[in-house]
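K.L.:
Take this structure, written in structure tokens, and hold onto it; I'll ask about it next.
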Amino acid sequence: MSMVALCPNNNEVHIYKASMDSNSVWERVYVLEKHEQLVSGIDWAPKSNKIVTCSHDRNSYVWSLEGDQWQATLVILRLNRAATSVEWSPQENKFVVGSGAKTVCVCYYEEDNNWWVSKLIRKKHHSTITSVAWHPNNVLLATTSTDSKCRIFSAFIKGVDARKDATTAFGDVKFGEELIQLDLACGWSFGVHWSPSGNSLAYVGHDSTIHFVTDVGPNPRARSISLRHLPLRDVLFLSETRLVAGGFDCNPMLFGSDKSRIWEFISFLDEVKRPAETKTDTVFAAAKGKFKWLGSEPFEENAPTTTHENCITMIRSLAPLSERNPEKSIERFSTSG
């Protein structure tokens, strides 16, 4: 993991590379310029080394490194609203794009014509799709939306996926079939993610809730946790029993489950502690010491005490390919905001 791709809140994608002598020094080595409006989604395929991007300009590009240059291939999405999110499938033979057009685009490479084509899942969502996530079996697809729902679809494509993969916990499935609709949140839904085994999924709501769904199938079990903190935006399973989430508190939160698979909040992961207060003889002296610490830096009424200074919008695994299997826990992850 020596490179990272990000969007600096414009129509460009910047790629940074870690210094050979220190991972703490990052140098910008590429700028990808094809999109005409804000880039809203980036995903880097670890096996094929391809990058897929989507944007508010309603387009998607697949980027391939040829020599020392990144070459872009346009993907026709047939959208009339902004593309909002994108993710490669586990086998990297497909990717999915969510949009503000209430449409999901499942894209795959057509070798005969040497281009990327898309199949659309329409008329299932009632509002903008905020997040998409692939099941480990490369067929099932989870989405969240601003209509407060989380849905699971079949994204099986004949000729791309093996026929045996069409048999899931829901039985035999065909492309675009809505398998389940979860209505657990009372606000916009965000950040859906599957567990490593695919037996569970989690997503968050803008009403400061997080929802865990286990035994995903015709008869799933669900548990919702209402938080005292600000809403979350994204989640990542570290293992079958550990999950990290982040959002408007600017601080990753760790959740865990016990043997009975009951999920609970464990702790924040990035709390910056203030200096320990020394014992004083008077209340006045204690207050003076506190204000002295506050005055050591420019005063801000709500000065951040975390590494992030604004909302965490995405969490991604940094596990090497050799360690990406359901039996191993993810020990390193990245956050962006």
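The values are calculated or read from the model by the stated rules, or taken from the named source; none is laboratory data. Just so it is clear, the structure is predicted and the values come from calculations on it, not from any experiment. We place every Cβ from the backbone using ideal geometry, glycine too, and count neighbours over all the protein chains shown. For the accessible areas, the whole protein counts, side chains as well, though only heavy atoms, and no ligand, DNA or RNA atoms are used. Shrake-Rupley method; radii C 1.70, N 1.55, O 1.52, S 1.80 Å.
K.L.:
Restricting attention to the range 226-238, which residues are surrounded by 18 or more Cβ atoms within 10 Å (Cβ to Cβ) and in a strand (DSSP E or B)?
P.N.:
Passing the criteria: LEU232, ARG233, ASP234, VAL235, LEU236, PHE237.
K.L.:
Can I ask one more? For the subset of the range 168-206 comprising residues that are over 15 Å from the mean Cα position of the chain (by Cα), assigned to a strand (DSSP E or B) and among the β-branched types (Val, Ile, Thr), which member is nearest to PRO220 (Cα to Cα)?
P.N.:
It comes out as ILE180.
K.L.:
From the list LEU74, LEU79, which residue is farther than 18 Å from TRP188 by Cβ and part of a strand (DSSP E or B)?
P.N.:
LEU74
K.L.:
Can you confirm whether VAL31 is among the aliphatic types (A, V, I, L, M), open to solvent by 40 Å² or more (accessible area, probe 1.4 Å), touching a strand residue (DSSP E or B) at 6+ places or on another chain (Cβ under 7 Å) and part of a strand (DSSP E or B)?
P.N.:
Yes; evaluated as a whole, the condition is true for this residue.
K.L.:
Quick check on the range 217-225. Is at least one of its residues of a type in the set (Ser, Thr, Tyr) and not in a strand (DSSP E or B)?
P.N.:
no
K.L.:
Sticking with this one: Would you be able to say whether some residue in the range 84-94 is in contact (Cβ under 8 Å) with a residue 12 or more places away in the chain and more than 22 Å from PRO196 (Cα to Cα)?
P.N.:
yes
K.L.:
Follow-up. What pairs come out if I take residues in the range 139-162 that are in the same structural domain as LEU236 (by the TED database) and pair them with residues that are outside any strand (DSSP E or B) and at pLDDT 95 or above whose C-beta lies under 6 Å away, six or more apart or interchain?
P.N.:
From the range 139-162, no pairs qualify.
K.L.:
Let me ask something else. Say we look at the range 239-249 and pick out the residues that are open to solvent by 20 Å² or more (accessible area, probe 1.4 Å) and assigned to a loop (DSSP other than H, G, I, E, B); which of these is nearest to CYS311 (Cα to Cα)?
P.N.:
PHE248
K.L.:
Quick check: is even one residue across the range 273-282 of a type in the set (Ser, Thr, Tyr) and at pLDDT 75 or above?
P.N.:
no
K.L.:
Turning to a different aspect of this structure: Only one of (1) under 17 Å from the mean Cα position of the chain (by Cα); (2) on the phi > 0 side of the Ramachandran plot fails for LYS102. Which number is that?
P.N.:
(1) is the only condition that LYS102 fails.
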